[in-house]
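Notes to accompany the following structure.
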Amino acid sequence: MDTMQLALLALLAGVVVGGSIAAVIVAAMRARDRARVETSVAIPEGVREVLHGMDDAAVVVDASATVLAASGPAGPFHLGEGGVLPSDELKTLMRRARETDLPQAETLRLRRGAPPAEPRLVAVRATRVSPRLTLLVLRDITERERVEQMRRDFVANTSHELKTPVGAVSLLAEAIESAADDPEQVRNFAGRLIAEASRLTVLTSRIMSLSKLQSSDELSEDRIVSVDEIVASAVDAHEIQAESAGVKMTRGGTRGLHVRGDVQVLGEAVGNLVANAIAYSPRGSSVGIGVSHDADVVAIAVTDRGIGIPEGDQERIFERFYRADPARARRTGGTGLGLSIVKHAVQRHGGDVSVWSKPGRGSTFTIRLPLAAAPDDLPTGKKTRKKKPKRAAAKKTAASRTAPQIGDPA
């Protein structure tokens, strides 16, 4: 073997050895980078900015369930940076996403805020970001589920309530047809048919009112409204009902207050309370409507001295179709929707409604609404329409002075 061949052989051996050493070095560097990635807990660039722009609660956690980055809405769920996932269900979901390397989703009940805050229904999605980092996104679906459940209950309850008058109308129509030769029976069945048709009309009207309040995003009319106008319309609308029931209505309290909203909706809300008070009051008793204000809140209280409401029913009386006394409701033609309409109407105006009641002593329903400043110039037409003769005004003023304080039942 000559010198040239030896040189070429040596060069080839050097290339092989050099290549092997280079391959080993590259493999070592890749292994080091891979190990660094697998053990790194550094937040990828841009992730924090994305989290801070999210409306939902979202966090990035490491393998030990420690929160490394969080969005603003995550705070109420006790998911602050530096803390640990507070729920075992969240930790389990996180581990499952890391082990399978696939997104995992589950609906959980998590507490938002400090006790006694009730748990919220939350849809959680866990996604693996890196070998040691996991992204958790929490979406509060409590209100969505509540509205959906309310819709299902509303449809079921409405169908059930409509069956009774519709069935009664059908049966009475058949009875009239069968008794065509008996005028007395025809008159009897016709009277009952008219009563059932009236009941069906009232029920349908109230269902439509409640549906409108629940579905509409804005009030059809939004202006400064006189509380005196609201109370007066409610009293005038139920004056005949009060006279027929032998119940006296008395107004009292502060005059000249104003709120902002829809006068028709608010008048119907107060009118429903007045109608209930009259219906559940014994003959010869009185129903009081009082108005007061405290700081920036106007209170309209309707008090009766009727049968009262048991304590166990007071939390449910604002539910749709719920009746504390079903037998009494059937006799008075109640639909079980009046108080639900009151609640939704008041809530649409940024207020609330509460009840005080004792069986045998009566009930007081109080509507609270934000106080509004009186307008600088009231419409002339309304001033003229609301103006009363001096004698009637003096009599009404004297009655208001002698009226008891409605807002604070004994």
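What to note about this one:
- The stretch 50-72, residues that are within 27 Å of the chain's Cα centre (by Cα), among the hydrophobic types (A, V, I, L, M, F, W, C) and surrounded by fewer than 19 Cβ atoms within 10 Å (Cβ to Cβ): 54
- Set 125, 98, 109: member being touching a strand residue (DSSP E or B) at 6+ places or on another chain (Cβ under 7 Å), crowded, with 16+ Cβ neighbours inside 10 Å and either part of a strand (DSSP E or B) or among the acidic types (Asp, Glu) (or both): 125
- Qualifying residue in the stretch 296-304 (condition: without any contact (Cβ under 8 Å) to a residue 60 or more places away in the chain and either farther than 20 Å from residue 358 by Cα or of a type in the set (A, V, I, L, M, F, W, C) (or both)): no
- Residue list for the stretch 231-274, restricted to those being under 25 Å from the mean Cα position of the chain (by Cα) and buried (at least 21 other Cβ atoms within 10 Å of the Cβ): 259, 261, 265, 266, 268, 269, 270, 271, 272, 273, 274
- Within the stretch 52-76, residues that are touching a residue at least 60 places away in the same chain (Cβ under 8 Å) have Cβ atoms under 7 Å from residues that are among the aromatic types (Phe, Trp, Tyr) and crowded, with 16+ Cβ neighbours inside 10 Å in these pairs: 57/77, counting only partners at least 6 apart in sequence or on another chain.
- Among the residues of the stretch 123-158, those identified as at pLDDT 90 or above and among the small types (Gly, Ala, Ser) are 123, 126.
- Residue in the stretch 237-244 that is touching a Gly at 6+ places or on another chain (Cβ under 9 Å), more than 15 Å from residue 347 (Cβ to Cβ) and either at pLDDT below 75 or among the small types (Gly, Ala, Ser) (or both) present: yes
- Search result, residues across the stretch 253-308 that are in contact with a Ser or Thr (Cβ under 9 Å, 6 or more places away or on another chain), charged (D, E, K, R) and part of a strand (DSSP E or B): 304
- Some residue of the stretch 343-363 being at pLDDT below 75, more than 26 Å from the chain's Cα centre (by Cα) and more than 17 Å from residue 289 (Cα to Cα): no
- Given (1) at pLDDT below 90; (2) in contact with a Leu (Cβ under 6 Å, 6 or more places away or on another chain), index of the condition residue 259 fails: (1)
The values are calculated or read from the model by the stated rules, or taken from the named source; none is laboratory data. Predicted model only: the values in this text are computed from it and were never measured. No Cβ is skipped: glycine too gets one built from the backbone with ideal geometry, and neighbour counts run over all protein chains shown.
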